[in-house]
Amino acid sequence: MIPLFYDLHIHSCLSPCGDDDMTPANLVGMAAVKGLDVIALTDHNSCANCPAAMFHGEKYGVTVIPGMELTTSEEVHVICLFPTLGDAMDFDAFVYRMLIPFPNREEIFGRQQIMNERDEVTGTKDLLLINAVSVSFDEVFALAAAYNGIAYPAHVDKPSTSLLSNLGFVPPDSKFTCAEFHDFNNLHRIRRSHPYFSRCNVICCSDAHYLEEIHEPEYRLFSRSRKISDILDALTSPLPAQT
């Protein structure tokens, strides 16, 4: 097992709330400068900038996992990660069809920019990506698995758009084995109130919307290799995934 410094929750300029400087090249380059080994690009309800980010991951020596921060019908944010770009893009196509059909208004919500490998804007997403998708929290885990991916609740300690803020509890039939925290200072409090998280691998990620928010090399997970499939296994295994 090898230690890998990670940040598995990063937004690009495709997310309307993401800064325009969060281009695929910039965010992967910043991760490399900071010394991260693996990152995940997790825009709201879209994987459209993952191809460019993965290209730059190869260039900079950073493993880039294609992913998405999906908003369930209850407006709970869930991280979905995939072993291959093809799986991610197939999932992307399905999710976009299930998104509430409300058009984005750039002057209010921000731009939703799709970029190529040269950081050139090649298109935009017409529907507002921060809306909910017609997929429930209970359904999202099997849905991600159907595309060979994994899913786990995002920033469970945040006061909005999280499992605990929006549902107030962990559904009793839940089977997720990983959970993301925004601040590990909240870990013991959450575990006391919700013992389910004592059985989970827990990770701490930035939810970065600006370059400076990407994590420093502080948190590590342990994986058999830098292969994406091995990293996903490490996140969902019964062994601790962080130090």
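The values are calculated or read from the model by the stated rules, or taken from the named source; none is laboratory data. These numbers come from a predicted model, not from an experiment. Because the Cβ atoms are built from the backbone with ideal geometry, glycine has one as well, and the counts that use them run over all protein chains shown.
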Output for Cβ contacts, cut-off 6 Å, separation at least six or different chains, first residue within 22 Å of S160 (Cα to Cα) and in contact (Cβ under 8 Å) with a residue 60 or more places away in the chain in the range 198-216, second of a type in the set (S, T, N, Q) and outside any strand (DSSP E or B), reads I203/Q242; I214/S206; H215/S206
Filtering the range 151-161 down to residues that are surrounded by fewer than 22 Cβ atoms within 10 Å (Cβ to Cβ) and within 22 Å of L81 (Cβ to Cβ) yields D157, K158, T161
For the range 3-16, pairs from a residue that is of a type outside the set (F, W, Y) to a residue that is surrounded by fewer than 24 Cβ atoms within 10 Å (Cβ to Cβ) and modelled with pLDDT under 95, with Cβ under 6 Å and 6 or more apart or across chains, are none
Of all strands (runs of 3 or more DSSP E) fully inside the range 5-87, the set with 3 or more residues that are under 15 Å from the mean Cα position of the chain (by Cα) and of a type outside the set (A, V, I, L, M, F, W, C) is 63-71
Residues of the range 31-51 being under 19 Å from R226 (Cα atoms) and out of contact with any Ser or Thr (no Cβ under 8 Å at 6 or more places or on another chain), in sequence order, are A31, A32, V33, K34, G35, L36, A40, T42, C50, P51
Subset of the range 188-221, residues touching a strand residue (DSSP E or B) at 6+ places or on another chain (Cβ under 8 Å) and aromatic (F, W, Y), comes to F197, Y219
Does S223 qualify as being modelled with pLDDT of 95 or more and surrounded by fewer than 18 Cβ atoms within 10 Å (Cβ to Cβ)?
no
Picked from the range 171-208 (must be loosely packed, with under 13 Cβ neighbours inside 10 Å and closer than 24 Å to A145 by Cβ), the residue nearest to the chain's Cα centre (by Cα) is K175
Screening D119, D126 for residues that are closer than 30 Å to I231 by Cβ, surrounded by fewer than 17 Cβ atoms within 10 Å (Cβ to Cβ) and not small (G, A, S) leaves only D119
Those residues of the range 88-116 that are assigned to a loop (DSSP other than H, G, I, E, B), surrounded by fewer than 18 Cβ atoms within 10 Å (Cβ to Cβ) and not β-branched (V, I, T) come to a total of 5
Among (1) within 16 Å of the chain's Cα centre (by Cα); (2) hydrophobic (A, V, I, L, M, F, W, C); (3) surrounded by fewer than 22 Cβ atoms within 10 Å (Cβ to Cβ); (4) more than 28 Å from K34 (Cα to Cα), V140 falls short only on (3)
Of the listed residues (E117, E74, E58), the one being in contact (Cβ under 8 Å) with a residue 24 or more places away in the chain, under 22 Å from L27 (Cα atoms) and among the charged types (D, E, K, R) is E117
**T42 polar (S, T, N, Q) and surrounded by 20 or more Cβ atoms within 10 Å (Cβ to Cβ)** = yes
